[in-house]
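Written below as structure tokens is the structure these notes are about.
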């Protein structure tokens, strides 16, 4: 394949699976010989993270749909945009800013829009223009998201490609538990782990409500809350008020995810918001953990109900407690589901499959321009 020049844009200033995917994809495409660059908000967490990985990234005032952002994007594209073969937008704000700027400039590359979550798309005329005319192709991170856009927005399925996020299977793998617990100072007690940004819709409150029910049903277990975010103070307050301080440990953001998962026996993500295929669940599967989660977005593509884990309704702490209690009480079931999860991850979650899929989309769209 002829090397491509790919420009990514990301207006979000936060940090999570979406940002990790962008950087992972950029690194992978660089290894394959493509030229990649990123336009992002000057205050975004992804900007220093990109620089730390040796990636080209430029900060612009694009965190909001404002005139200053549109002017900045247009000025940058007028100067640099024609050198790229394709632009890959990732969030609503940057998608709009790029589309509007591009519409006023000649010889601009086509746009691929990646939708990472299952947030509904409205059918207003302006949005239809954005999705049907200003965007050459749509990428989603799960087949459920593709079905949603076809069903609710009438988008031609031929214009949508599902490319699941890939993870590094050489890094995310089962590790020796005793060593990991000793290194991370985790008590030698069975553990449930939740890896997610501390946002309300990730379901941490529901998990704490379920944990209250589990104290008598599964005594001796601990809960590892891995990640950070705007709800941390609230959640720490709830843990104290519920008398769970002896069971719950907040770790903050952690880079050594495989080691933390090695300390756990079960992964959990009771999300009730907009999801694609959460990387935390794919990483847990690759590390050999069974999972309890909700069938939101494309989560069912990461957790096969009854085989690699258990799916429960969202916002249902009792059902969540029942599913966790079932796994807590049955070591053989945990072992079977964990082994199945690991095998499923090996077959479906590799990073090369993601790079192959995105490379094919970019080449097809750029080929039309060439």
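Let me test this: with uniform point scatterers at the alpha carbons of the range 272-323, what is the Debye-based log₁₀ I(q)/I(0) at q = 0.18 1/Å? So the normalised log intensities are -0.51. If one takes the longest principal axis of the Cα atoms in the chain, at what angle in degrees, from 0 to 90 and to the nearest 10, does the Cα axis of helix 331-348 lie? With both axes taken from Cα atoms, the answer is about 10 degrees.
For the peptides 131-139, 183-191, the ranking by mean Cβ contacts within 10 Å, running from highest to lowest, is 131-139, 183-191. The convex hull of the Cα atoms of the range 177-348, projected and averaged over all directions, covers 8.6 nm². Between 0 and 90 degrees, the angle of helix 232-241 with respect to the longest Cα principal axis of the chain falls at about 20 degrees.
Residues considered: 290, 48, 219. Largest GNM mean-square fluctuation over the chain, using C-alpha springs under 10 Å, is found at 219. Here is the tail figure for the range 206-264: Cα pairs spaced more than 14 Å apart come to 57 percent of all pairs. Between residue 315 and residue 352, the contour length at 0.36 nm per residue exceeds the alpha carbon distance by 9.8 nm. For residue 339, put the label point 7 Å out on the Cα→Cβ axis and report which residues of the range 277-312 keep their amide N under 14 Å from it. Those under the cut-off are 288-290, 308.
Highest mobility in the GNM of the chain, judged by mean-square fluctuation with C-alpha springs under 10 Å and restricted to 20, 105, 195, is found for 105. Shape of the range 260-370 from its Cα gyration tensor (a ≥ b ≥ c, root eigenvalues): rounded if a/c is under 1.5, otherwise prolate when a/b > b/c, or oblate? Taking the square roots of the gyration eigenvalues as a ≥ b ≥ c, the range 260-370 is prolate. Taken over the chain, the ratio of Cα radius of gyration to 2.2 N^0.38 Å equals 1.02.
Reported to the nearest whole Å, the Cα centre-to-centre distance from the range 77-110 to the range 231-289 is 37.
For the chain, with a Gaussian network of springs between Cα atoms less than 10 Å apart, report the residue from 338, 28, 243 with the top mean-square fluctuation. Result: 243 has the largest fluctuation of those listed.
When the P(r) is computed for the range 1-154, the part past 25 Å accounts for 26% of the Cα-Cα pairs. As a rough footprinting exposure proxy, the listed residues 355, 281, 207 were ranked by other beta carbons within 10 Å of their own, and the order from fewest upward is 355, 207, 281.
Computed from the coordinates by the stated procedures, all read-outs in this text should not be read as laboratory data. Just so we're clear, the structure is a prediction, and the values are computed from it rather than from any experiment. Note that each Cβ is placed from the backbone with ideal geometry, even for glycine, and that neighbours are counted across all protein chains shown.
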